[in-house]
Each structure stands twice: as structure tokens, then as C-alpha cells.
Amino acid sequence: MRLDDLLSQLPENYRPIENHGNGDITGLSLDSRKIKPGYLFAALPPSTDSGLDGCDFISQALKAGAGALLVPAGKDISDCEPQVPVITSPNPRQVIALMAAAFSAQQPENLVAITGTNGKTSVATFTRQIWEKLGHKAASLGTLGLYPPQPNAPAALTTPDSIELFTCLKGLSEQDFTHLALEASSHGLDQYRLDGLKPKAAAFTNLSQDHLDYHKDMESYLQAKLRLFENLLPEGGTAVLNADMLEFDQIRSICEKRKHKIISYGHNISDLQVVEQRPTTDGQELKLSLFGKTTHLKLTLTGSFQAGNIMASVGLALGCGASLPAIVDTLPKLSGVPGRAEKVGTSAKGGTVYVDFAHTPDAVEAIINALRPHTRKKLSIVVGCGGDRDPGKRPLMGGIADKLADRAYITDDNPRSEDPASIRAQAMSAAPNAIEVNDRRKAIFKAVSDLNDGDLLIIAGKGHESGQIIGDKVLPFDDRDVAREAIAATLQEENSGTDIKNETGVTNGT
Ligand SMILES: CC(=O)N[C@H]1[C@@H](OP(=O)(O)OP(=O)(O)OC[C@H]2O[C@@H](n3ccc(=O)[nH]c3=O)[C@H](O)[C@@H]2O)O[C@H](CO)[C@@H](O)[C@@H]1O[C@H](C)C(=O)N[C@@H](C)C(=O)N[C@H](CCC(=O)O)C(=O)O
């Protein structure tokens, strides 16, 4: 594609301010290591103080055959002596996303995006399942990757970078996927990774403290998420908003100004209202008011918060034109999301073990409250906090676990480059009754071995993840596998009479 043709497809007010020359563009990349001959290289400024500057890789990109450059306006790159067209923009991140969307050209026709601190993965998964059950070819993309899996699918990030994202959307369209539910992380929205997306509907699940290492304060975090409704969802698109959120009125008024159709949901009075919830042994029974009409429903999903997630998915499916009765018919058949309130087994003495991805104060509180009705006896939780991430969360998470659970075990999550003992100490500072265990595996073994008949254990933090990040290494670690091993050990202990508690290595506790 000719560079000028590509640029002419961008909205007028987003076109780069300078354009020196023209040429054929064979592809786009924001990573010099992925440049092939004829590609345009977008040299992006760092997104954080410790990030790298893409302009430092221009020479490398030119050596690899870059056919054009996109650089930040005002940046002097004369040292690199580029002999290719150079375009400049005050916001190259946004411009490369819009270019990626124009270059890839195709997106599934029914595309929805979900933002919010918690629940994005569940809502994306349930929305995909609803569509599948209605007979559509549907996919979901987010923290769990692309489902159904496809070759060359984006990996690693919840919201992939713009080039991976739009290449993926094109691939899905070419394979006749008509529906896609996409998670929109606050990093992704803030870094314009999704600009150029054409969603029909967007949902805001909730807002609580997370990612303040990046966004600095809650207002900036909220503003990043609001970009989905203010900048990406087109006029007339459907905004699915959680009426239980403190920020509901603020978000609703933004959506009204943008002339979005609004569908509210939640426990408060709303279009898709959860009026009553009753936990059952294998799920829950709901009394709903759907646009004023009372409806009773049985879900095979554990966890009271799943009712809200289901309502968000109903709103998104409505926003893409499905009929309410048809959607409601699919709901009893929806299945849970891996690593989200996932039941992994029962210990020898009869305690049930769940794994959940909860890694924010709010999510820890929500999962405890959601699973509490499912136990007749004691509820325990294993929890840890990530290194190199918002340290303000640590005492909050420790405090909530200590206060709401009958037994809290504080251990390591992904310590990354930080000293795990120091992270645990910050969580323990607000958790006077918690038990500190200096190794996640040992903590899970101890918590499982402490379970008695009717108890319930939540292993929080890592959900579906299959690795633990220690230093710069990702070591194999899946909470579900470790929990199953620990459960097997209790059965073995019961059969052989050995005491595995002596092998749990608890270093300190109160
Ligand atoms: C903090 C953050 O979000 N950083 C993202 C940001 O990186 P950055 O631009 O600041 O810095 P950099 O990656 O060090 O490099 C700068 C530029 O130089 C380029 N480069 C770098 C090296 C090289 O040899 N050649 C080269 O061209 C890079 O491609 C990049 O364009 O832009 C990059 C390109 O899009 C992202 O890959 C990178 O995500 C990093 C890997 C990351 O870990 N992000 C996490 C925090 C994230 O985005 N998480 C969210 C939320 C998850 C959740 O909700 O829990 C997500 O959506 O996953």
C-alpha cells in the first residue's frame, strides 16, 4: 500500500503533521526486531519513566530494511540519516494504531469491548459463549489469550499492541468470525492500542484500586478507562454500565453526551437488575428484573459476582442485536472461566478448594463475599501481592483477607525484582491474625492440610496463570496443579497416617 493512501484513510484531524516523501509500505511495526523490508517503523516514546525510547532503535530498523518512519513531532533523528519517508506526529502511538486499523482493514462485524478493574475476562467469555449458543462464529480475546486459539494469536498482554490487535482482527474476519468480545485494559486504552476499533457495544464492569504504579491516581485510571466510551465507542453504540458503581452517574452522563444507547445492570435499580440471589450446591438461583419483567434463572456458576458479569454480557449481546428471550435461554448453559472461582477439588477431610484470579483489594473482598455463602464452616484464603506493581494495594489486600476470612495465609505472588519478604511484610502490616508462609507452594499445602469438613479455601491471585515471576525468570507454577497435589497429599496422609503439616515449612505465624 502507498504511504499516502494509508495516511489518507486516517481521520483528518489525526493525520500526522509532516510527511516527507512517499513509498510502498509492506507492513507496520513498532518493534525494530520485527521489521521486514518495506515496513514502516513507528518509533514510540517510552510509556513510563523506565520504558525504552523507540527512537533509539531507528538505525536498527533502517538496517533491517524499514521503508518509512513514524517519529514523535520535534524529535531530531538526523543522526540516523534516514533515506526513507519520515512522518511525524505529536501522538505517534495513536497514529500507528489508526494506521494499523486502516492497514488491516477488516474487523469482525459485531465487536464489543469490556473495561473495568475486575470481571473483564468473565464478561468476555460469557459473551462469547452466548453468541456461540446462538449459532454465531464467535471469539474472545484478553487475559486468557484468544479463544478459540488460532495460529499467530497475540500472546502476553490483556490488550495486545495495536499492530498485533488489528492483524488478529483481520485474521478473525478472514476466517469468518462475525463476533468478538475483547478485553480493554486501562494500559491498552491509555496507550491508544485500541484506537481505530469499531465496537458496537462497550461495557464498564467496575472500578477499584489497581495499576496505580502506572496511572498514578484513581482519576487518571478512570480517565484511561473512559476513553473507551468517549473516544472509541461511536455515537449510537451501546454502553453497558454497572449501576452499582459509585461513578455510574458520571459515566452515564458522558455516554448520554456521546449519544450512546445505555443499558444499565446490577443490584441497584437498572435495566438488567439482579433482584435476588440464592446460592445452591452447584451454582445459584436468580430472580431478575429484565427491563421491568421478572425472570427466574438457574446458573451453574459459583460466586455471587458472576450474576453481574452475566448481566453485562446480556447487555453486550443485546447491543449487537440479539433478542432478549433468545439470550436468556442460553444463560443456564454457560460455563465458568478457567481460574475464576474455579473449583479444583476437595481435601481428604472434606474442605473444598477454589482458585481465583483476585489480585486487587476489591477482588479479594468480592471473592470472599461471593464464596462465603457456599460454606457451612470456615473460609480460608491464600493471598499474596505482586512485586513491581502498585505497593499501595498490599496492606489493603492483607487487611481485607485478615478481616473477612476465618484464616488468611499471606505468601508470595509474582515477586518479580522485589524482595518477597518485604512485600509480605507490607501485606502483614495490616493483617495481625494472618499466617505468613514464605513460599507459595508451602502456603497452599499448609492451607489445604488445615481444611476440615465443610471448610472452603480460596487460593487467590494467579487464577489461570501457569508461571510465577521471580526475578526475571518465569518458573512453572499453576495454583490449580499445586492445589491438586496438596489435595492428593491429604488423601495420602489419611491413608498412610503421616503428618504432612511437618513438611509445609511455615516459617512464622501467629
Ligand atoms: C508499561 C507498559 O504498558 N509498557 C508497554 C509499552 O512499552 P514502552 O513503550 O513504554 O517501552 P518498551 O517496551 O520498553 O519500548 C519502547 C519502544 O521501543 C521498541 N523497541 C524496544 C526494543 C527493541 O529492541 N526495539 C524496539 O523497537 C518497543 O517495541 C516499543 O515500541 O508499549 C509496548 C508496546 O506496545 C508494550 O509492549 C509494553 O507493555 C509491557 C510489555 C507490559 O508489561 N505492559 C503491561 C503492564 C500491560 O500493558 N498490562 C495491561 C493490563 C493488564 C491487567 O489488566 O492486569 C495489558 O493490557 O496486558
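Just so you know, all these numbers are worked out from the coordinates, no wet-lab data involved. Computed from a prediction, not measured in an experiment: that's the story for all the values here. Heads up, the Cβs are rebuilt from the backbone with ideal geometry, glycines too, and the neighbour counts pull from every protein chain shown.
Observations on the model:
- Helix-only arithmetic for the chain: the sum of -39500 (n - 2.57) across DSSP H runs with n ≥ 4, divided by the residue total, places the mean residue ellipticity at 222 nm at -9500 deg cm²/dmol.
- Over segment 32-156, the Kirkwood radius and the radius of gyration, each from Cα atoms, give a ratio Rg/Rh of 1.08.
- Once the chain from V275 to N231 is taken as fully extended at 0.36 nm per residue, the excess over their C-alpha distance is 12.5 nm.
- When the pairs K349/K403; K170/K198; K287/K343; K34/K198; K198/K225; K36/K137 are compared against a 22 Å limit on Cα-Cα distance, K349/K403; K287/K343; K34/K198; K36/K137 fall above it.
- Considering only the chain, percent of DSSP beta bridges that pair antiparallel, nearest 5: 40 percent
- If R0 is 25 Å, the Cβ-Cβ spacing of R372 and N268 corresponds to a FRET efficiency of close to 0.70.
- For Q83 and Q9, the FRET efficiency from 1/(1 + (r/R0)^6), where r spans their Cβ atoms and R0 equals 30 Å, is about 0.75.
- Partners of K133 within straight-line reach, counting lysines whose Cα lies under 21 Å from its Cα and excluding those fewer than 8 residues away in the same chain: K120, K200, K298, K333.
- Whole-number D in µm²/s for segment 351-401 (Stokes-Einstein; Kirkwood sum over Cα pairs; 4 °C, 1.567 mPa s): 110 µm²/s
- In this structure the amide hydrogen of D244, modeled in the peptide plane, comes within under 5 Å of the amide hydrogens of H267, N268, none closer than 5 places in sequence on its chain.
- Counting neighbouring beta carbons within 10 Å and listing from fewest to most, the residues R93, R258, R440, R227 come out as R258, R227, R93, R440.
- Each Lys and Arg contributes +1 and each Asp and Glu -1, all at the Cβ; summed about the Cα centre of segment 149-218, the dipole is approximately 220 debye.
- Distance (nanometres) between label positions extended 7 Å along Cα→Cβ at Q106 and Q60: 3.3 nm
- Estimated translational diffusion coefficient (Stokes-Einstein, Kirkwood radius over Cα pairs, 4 °C, 1.567 mPa s) of segment 51-109: 102 µm² per second.
- Across segment 19-76, Cα-Cα pairs more than 18 Å apart make up 29 percent of the total.
- Segment 272-424 - Kirkwood radius from inverse mean 1/r over Cα pairs (Å): 17.3 Å
- Dipole check for segment 8-135: with +1 at the C-beta of Lys and Arg, -1 at the C-beta of Asp and Glu, and the Cα centre as origin, the magnitude is about 520 Debye.
- Listed by Cβ neighbour count within 10 Å, with the fewest neighbours leading, H296, H374, H464 appear as H296, H464, H374.
- Calculated FRET efficiency, N433 to K216, Cβ-Cβ distance, R0 = 22 Å: about 0.10 to the nearest 0.05.
- Kirkwood hydrodynamic radius (C-alpha pairs) into Stokes-Einstein, segment 190-240, 25 °C and 0.890 mPa s, D in µm²/s: 208 µm²/s
- Cα extents of the chain along the three principal axes, largest first (Å): 78, 54, 38
- Cα centre as origin, Lys/Arg/Asp/Glu Cβ charges: the chain dipole, Debye: 1220 debye
- Cβ-based exposure ranking for H211, H359, in which fewest neighbours within 10 Å come first: H211, H359
- The alpha carbon centroids of segment 33-77 and segment 137-211 are separated by 24 Å.
- Selection from G21, H374, A408 lying farthest towards where the dipole of the chain points positive, charges on Cβ: H374
- Placing one equal scatterer on every Cα of segment 92-179 and applying the Debye formula, the log10 ratio I(q)/I(0) at q = 0.16, 0.19 Å⁻¹ is -0.62, -0.88.
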